[in-house]
1. Can you pull out every residue in region 49-66 that is over 14 Å from the mean Cα position of the chain (by Cα) and aromatic (Phe, Trp, Tyr)?
2. Where the second residue is in a helix (DSSP H, G or I) and the first is free of Cβ contacts under 8 Å to residues at least 12 places away in the same chain and lies in region 18-35, which pairs have Cβ atoms under 7 Å and are six or more apart or on separate chains?
3. Please work out which one of (1) among the β-branched types (Val, Ile, Thr); (2) touching a strand residue (DSSP E or B) at 6+ places or on another chain (Cβ under 9 Å); (3) open to solvent by 20 Å² or more (accessible area, probe 1.4 Å); (4) part of a loop (DSSP other than H, G, I, E, B) is the condition VAL78 fails and give its number.
4. Looking at region 1-16, which of the residues that are under 16 Å from VAL75 (Cα atoms) and in contact with a helix residue (DSSP H, G or I) (Cβ under 8 Å, 6 or more places away or on another chain) is most open to solvent (accessible area, probe 1.4 Å)?
5. Only one of ASP45, ASP55 is acidic (Asp, Glu), out of contact with any His (no Cβ under 6 Å at 6 or more places or on another chain) and surrounded by 12 or more Cβ atoms within 10 Å (Cβ to Cβ). Can you tell me which?
6. Tally time: how many residues in region 17-33 are over 15 Å from ARG71 (Cα atoms) and open to solvent by less than 70 Å² (accessible area, probe 1.4 Å)?
Amino acid sequence: MKIIRTERALTGIRGVAGYIARTFGKKALLEFQARLQECTKLIKDNPGIGSVDWDVSTQERQYLTILIYRRSWMVYRVEGDIIYIVDFYDTRKSNPSNERYE
């Protein structure tokens with residue numbers, strides 16, 4: 001499986017990482033980064049793991065969410081042998097569940 005991170009996901013990851021570093025410190029940031037790597041490998045090895053996000057899924061595309069670290073979530077979809085990580089957010093700051101992805 002190949003993983004592609006959208007620009008939106010990369011922006012989300014940077015934002016959450018910055019928030020964790022500023023609010024909780026370097027140790028929490030390192031834990032977050034380690035967990036992010038673990039979860040990325042987990043979805044690569046087990047595509048389809050997580051919960052279906054019915055708020056943003058359509059008949060054409062199913063979006064899944066997986067908890068990364070405490071309150072940080074990854075949103076992704078699987079198309080063939082490619083996993084698209086489409087968003088990343090922290091529930092303490094925002095929750096994009098009402099938005100549609102492309």
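The values are calculated or read from the model by the stated rules, or taken from the named source; none is laboratory data. Note that this is a predicted model, so its numbers are computed, not measured. Here the Cβ is made from the backbone with ideal geometry for all residues, glycine too, and neighbour counts use every protein chain on show. Note: areas computed on protein heavy atoms with side chains; ligands, DNA, RNA excluded. Shrake-Rupley method; radii C 1.70, N 1.55, O 1.52, S 1.80 Å.
1. Hit for region 49-66 is TRP54, nothing else.
2. Filtered contacts from region 18-35: ALA21/LEU29; ALA28/ILE20.
3. All conditions are met except number (4).
4. ARG5
5. Details: ASP45 fails: surrounded by 12 or more Cβ atoms within 10 Å (Cβ to Cβ).
Exactly one of ASP45, ASP55 is acidic (Asp, Glu), out of contact with any His (no Cβ under 6 Å at 6 or more places or on another chain) and surrounded by 12 or more Cβ atoms within 10 Å (Cβ to Cβ), namely ASP55.
6. First, pick out the residues of region 17-33 that are over 15 Å from ARG71 (Cα atoms): 22, 25-27, 30.
Now narrow it down to the ones that are open to solvent by less than 70 Å² (accessible area, probe 1.4 Å): 25.
So the answer is 1.
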